[in-house]
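Comments concern the structure below.
The values are calculated or read from the model by the stated rules, or taken from the named source; none is laboratory data. Quick caveat, the model's predicted, so the values are computed rather than measured. Please note: Cβ atoms are built from the backbone with ideal geometry, for glycine as well, and neighbour counts cover all protein chains shown. We work out accessible area using only protein heavy atoms, side chains counted, and drop any ligands, DNA or RNA first. Shrake-Rupley method; radii C 1.70, N 1.55, O 1.52, S 1.80 Å.
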Amino acid sequence: MTYLLKMTNKKWMMVALLFTIGISTLTFFSEDVASASSESMVDTEVKFLLEPTLVLDEDGQLSSSFLETLDLTVNRQRRIDMQFMDTLEQDFNDQGWIHRIRQRNWQNNWQLTYRKRFPLAWPVTEGSIQAALKTAENEGFTEEDWEFEIDWSYDSAVLSTSSTKTVDLPLGIRPGALPDTSLARRLLIDNQPALVPVIDYNQLINQTLIHGPVYFDRYEFSVPELGGSNALRIEVLPIKTEDGQGIEYIVEASFVGENQELATTEKQRDYLFARLSTMDDLVVPKSGLRTSTILQRYKHTQNV
């Protein structure tokens, strides 16, 4: 009887041990799956500034020598007109908020974009992305109501959350035209997202002025290594010089890594940088946000 009891105890001990091992293995497996599934799949726009004198001809168009050197063929060229709305003191921009109105020459509407930017620690890693996403979440931004995108430049990056609304062009408004100050203010108030940027939002919007207008030409190219048809974009933006007496160009090459892992986007980024670097001094070794430059150089525009 004692022998049977000892055997029974041993069996139960063995069952308990196997059960514990099974639970531990399952827990480890579940944590591993959770860790893998937590990897962010945020769209990432990779951008490099290019030296305008090496890209453009005397008319401000892409030069044949540039296209031949990089073995690029233009698929299509499009124009986009835009303006930004902020107070003279840039109260919104100081809080990371951007209000942009665009008109694409192939569409019959205005695009109103409400955007909030969050700093992203350098270098870009899964950890820095998750930290920025957590900050945005803590401020009330969710993927159900906002679009998330990483802007990854030469040596800096930001997380952008944006909400874009479209408004049909009024009768008689030609493509390329943008709303005047009064109409722009009203459109921004009438179409604002549920999460408004600041207290007294409408009151502050009614103090905004037009910063712009400006336009840029977008050239699109098929590059299989970056995702295929029209994957590579080169945008040429004429802008007032800092002293306001002339025009200079901001040239930017970019692609968007859509719904893919960070490692894939990083590999594509390295490819693009290497290809651009076949021309000496083509890549400008710094980051730059065009929006900040436009807001600064057109801050005294008062088109009321």
Tell me whether the range 183-203 contains one or more residues that are of a type outside the set (Lys, Arg) and closer than 30 Å to Asp59 by Cα.
no
Six or more apart or on different chains, Cβ atoms under 9 Å: show the pairs whose first residue is in the range 135-150 and under 12 Å from Leu195 (Cα atoms) and whose second is open to solvent by 90 Å² or more (accessible area, probe 1.4 Å).
Asp145/Ala194
Hey, can you tell me all the residues within the range 247-274 that are open to solvent by 30 Å² or more (accessible area, probe 1.4 Å), within 23 Å of Leu54 (Cα to Cα) and either among the charged types (D, E, K, R) or out of contact with any Gly (no Cβ under 9 Å at 6 or more places or on another chain) (or both)?
Glu248, Arg269, Asp270, Tyr271, Phe273, Ala274
In the range 170-179, anything surrounded by 11 or more Cβ atoms within 10 Å (Cβ to Cβ), modelled with pLDDT under 95 and either under 24 Å from Asp94 (Cβ atoms) or not small (Gly, Ala, Ser) (or both) is listed as Ile173, Pro175
Restricted to the range 291-304, and to residues that are under 18 Å from the mean Cα position of the chain (by Cα) and not aliphatic (A, V, I, L, M), which residue is surrounded by the fewest Cβ atoms within 10 Å (Cβ to Cβ)?
Ser292
Filter the range 275-290 for residues that are at pLDDT 95 or above and assigned to a helix (DSSP H, G or I); which is most open to solvent (accessible area, probe 1.4 Å)?
Arg275
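Could we say that Thr135 is open to solvent by less than 80 Å² (accessible area, probe 1.4 Å), in contact with a Phe, Trp or Tyr (Cβ under 6 Å, 6 or more places away or on another chain) and not in a loop (DSSP other than H, G, I, E, B) here? If you could, list the steps in order and put the result at the bottom.
Values: open to solvent by less than 80 Å² (accessible area, probe 1.4 Å): yes; in contact with a Phe, Trp or Tyr (Cβ under 6 Å, 6 or more places away or on another chain): yes; not in a loop (DSSP other than H, G, I, E, B): yes.
In short, yes.
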When you go through (1) farther than 29 Å from Leu262 by Cβ; (2) outside any loop (DSSP other than H, G, I, E, B); (3) charged (D, E, K, R); (4) open to solvent by 20 Å² or more (accessible area, probe 1.4 Å) one by one for Asp81, which number turns out not to apply?
(4)
Among residues belonging to the range 202-246 that are crowded, with 16+ Cβ neighbours inside 10 Å and part of a loop (DSSP other than H, G, I, E, B), point out the one that is modelled with the lowest pLDDT.
Gly227
Qualifying positions in the range 56-78 - open to solvent by 70 Å² or more (accessible area, probe 1.4 Å) and assigned to a loop (DSSP other than H, G, I, E, B)
Glu58, Asp59, Asp71, Thr73, Asn75
Is it the case that the range 156-170 has a residue that's assigned to a loop (DSSP other than H, G, I, E, B) and within 17 Å of the chain's Cα centre (by Cα)?
yes
Looking for something within 21 Å of Thr293 (Cα to Cα) and small (Gly, Ala, Ser) - is there at least one such residue anywhere in the range 116-127?
no
Every pair of residues 6+ apart whose Cβ atoms lie under 8 Å, when the first sits in the range 159-181 and is within 19 Å of Gly212 (Cβ to Cβ) while the second is small (Gly, Ala, Ser) and open to solvent by less than 30 Å² (accessible area, probe 1.4 Å)
Leu169/Ala177; Leu178/Ala184; Leu178/Gly212
Identify the single condition in (1) modelled with pLDDT under 90; (2) more than 30 Å from Thr166 (Cα to Cα) that Met41 does not satisfy, given that it satisfies every other one.
(2)
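Would you be able to say whether some residue in the range 177-198 is of a type outside the set (A, V, I, L, M, F, W, C) and in a strand (DSSP E or B)? Quick ask: steps written out before the conclusion?
So the first thing to find is which residues in the range 177-198 are of a type outside the set (A, V, I, L, M, F, W, C), and the list is 179-182, 185-186, 190-193, 197.
Among the residues that remain, those that are also in a strand (DSSP E or B) are: none.
No, the range 177-198 contains no residue that is of a type outside the set (A, V, I, L, M, F, W, C) and in a strand (DSSP E or B).
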